[in-house]
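The values are calculated or read from the model by the stated rules, or taken from the named source; none is laboratory data. What you see is a predicted model, and the numbers here were worked out from it, not measured in a lab. Here the Cβ positions follow ideal geometry from the backbone for every residue, glycine too, while neighbour counts run over all protein chains shown.
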Amino acid sequence: MQFHQRLMRYLPTIAFILLCVGRHQLVKERRSASDVLSSVVTPLIAIGGATMTRKMALAAVTAASAAAVAGASDVHPAVEAAPQTEPVVDKAAQFDIEIVPATAGPALLSGQQATVVQAMASRYRIVDRALPPGIAPERGLQVKTILASRAISEDFPQIHDIGGVRPDALRWHPNGLALDVMIPNPSSPEGIALGNEIVQYALANAERFDLQDCIWRGVYYTPNGAQGGRGYGHYDHVHITTHGGGYPTMGETYLR
């Protein structure tokens, strides 16, 4: 009896948590309001046990809704998930909403009921998807080449030097289309493995980087396959060429 009295006291709080989760589902999954209400009422009845009726659960939801309206200035509005976009865009929607577990509160319930409430008690965290500048000098690089440079710098902290624009007889480096990813100890087993990994990474992101080719240890790689031959060289760095995508306008955001 004492347990249910304490439970009824905190039902509006539990209902408020469920409403927040339901509101997120309403926006993200485009669920109807009746579905959201059902998703709140049903867990309340499950938590309350045999003594909990639908009428009591709806009363708790009503109280929670009133509390939400009264404290609206302290609640962040729901943000609709941004549609999928190209990795390099002007003024991109660079933030995602991630649901993470909230810090543990007082133990009001026990056993499975407490687990249900704790799972519902979540908060939102804004995740910045923008890539920071990488280790390659970006002056003169085109946007897809910049994206590849920043992504490699982010995902391969072992790399400490990436070359970009430089004079060359061929147009790739002078036109900002190519990178030289320098491999530490390139002839060692570790260096060879790292170079291989970077090539595979570039190929796996070929569409994202608008990749033209990679060259590493005498092999010429394209998204359609690889071929060996004389004259390819590149035993101390991985050469990466993109199709460019045009020169930046200084308003681009490069996304992870």
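Descriptive notes on the structure:
- Hey, H234 of a type outside the set (K, R) and either in contact (Cβ under 8 Å) with a residue 60 or more places away in the chain or not assigned by TED's automatic domain parsing to the domain that holds L147 (or both) or not: no
- Scan segment 116-175 for residues that are at pLDDT below 95 and of a type in the set (S, T, N, Q) and the total you get is 2.
- Within segment 170-193, tally of residues that are hydrophobic (A, V, I, L, M, F, W, C), closer than 25 Å to G244 by Cα and free of Cβ contacts under 8 Å to residues at least 60 places away in the same chain: 4
- Within segment 181-210, the residues that satisfy the criterion of being in contact with a Lys or Arg (Cβ under 8 Å, 6 or more places away or on another chain) and at negative phi are I192, G195, F209.
- If the condition is being assigned to a loop (DSSP other than H, G, I, E, B) and touching a Phe, Trp or Tyr at 6+ places or on another chain (Cβ under 6 Å), then segment 213-225 contributes R217, G218.
- Cβ pairs under 7 Å, 6+ apart, first in segment 127-152 and farther than 13 Å from L177 by Cα, second of a type in the set (V, I, T) and at pLDDT below 95: A130/T253
- Unmet requirement for W216, which otherwise passes all of (1) of a type in the set (F, W, Y); (2) at pLDDT below 95; (3) touching a helix residue (DSSP H, G or I) at 6+ places or on another chain (Cβ under 8 Å): (2)
- Filtered residue count, segment 220-232, keeping only those that are closer than 13 Å to V199 by Cα, at pLDDT 90 or above and out of contact with any helix residue (DSSP H, G or I) (no Cβ under 8 Å at 6 or more places or on another chain): 3
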